[in-house]
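Heads up, the thing below is written out as structure tokens.
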């Protein structure tokens, strides 16, 4: 099912050609014959990505959209687009009453419809890594390569296949530095892989905190001691005992007791 609609804006408030392919976002495709922009956007965190197309009326500025294989309703789509383009910001007011009032150089600039996009943070971060010593065309090529090789296939639209942008988990588990270098990422490959792994690890820590709350530190310490016990077990058997009798009487850490203690505290 496809959903069609429009954003009732002026070209002064939003100009697609000045925003979508000028160095902020890198996966929008433009059909120059029709003036239609297309990409995949994560419109819903729970339902994932959808193919979306945008076309702007050159005379009145209205933006017509179509969401293919829509999994959400019209209200959700329009709210997402308003957030994506940050339409809550009054651009004309900013230009007239703030920027011009503080710097006359803005009189010489065409600010028509230029906005800072409210993009998905993970994709924005990876795009930023790709942008190091790079140009818009090559950054776009890299972002599309990530989607095509490590994202999920969504559908085909007018002869072009569309994919999701790979999550940190996708890159951490599916991609390697060698693969990315083979795709033309150069030295950036290492940083993308390491960043993805860091994100995955941080998500695990966040989930751990959500489960244990203020006792997460106790629980994490427990896991550390358990792993230490396992890794040191064989070495301890081979190591000669050199400690004094007093030291040998030091009580051994009982991880099972810690588990019980944490469980009681968590309740």
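Before moving on, here are some points about what is shown:
- Being out of contact with any strand residue (DSSP E or B) (no Cβ under 6 Å at 6 or more places or on another chain) and more than 29 Å from residue 48 (Cβ to Cβ) is a condition met by at least one residue of region 73-90.
- Residue within region 208-217 that is modelled with pLDDT of 80 or more, surrounded by fewer than 16 Cβ atoms within 10 Å (Cβ to Cβ) and either in a helix (DSSP H, G or I) or at positive phi (or both) present: no
- Every listed requirement among (1) within 26 Å of the chain's Cα centre (by Cα); (2) part of a helix (DSSP H, G or I) is met by residue 106 save one, (1).
- Flag if residue 139 is under 10 Å from residue 26 (Cβ atoms), modelled with pLDDT of 95 or more, touching a helix residue (DSSP H, G or I) at 6+ places or on another chain (Cβ under 7 Å) and part of a helix (DSSP H, G or I): yes
- Put simply, of 50, 38, 25 the only residue that is farther than 16 Å from residue 8 by Cβ, in a strand (DSSP E or B) and touching a helix residue (DSSP H, G or I) at 6+ places or on another chain (Cβ under 9 Å) is 50.
- The lone exception for residue 146 - which of (1) outside any strand (DSSP E or B); (2) surrounded by fewer than 20 Cβ atoms within 10 Å (Cβ to Cβ) it fails: (2)
- Residue 113 passes every criterion in (1) in the same structural domain as residue 71 (by the TED database); (2) surrounded by 16 or more Cβ atoms within 10 Å (Cβ to Cβ); (3) part of a helix (DSSP H, G or I) apart from (3).
The values are calculated or read from the model by the stated rules, or taken from the named source; none is laboratory data. From a predicted model like this one, the values you see are computed outputs, not experimental measurements. Positions of Cβ are generated from backbone atoms using ideal geometry, with glycine treated the same way; all protein chains shown enter the neighbour counts.
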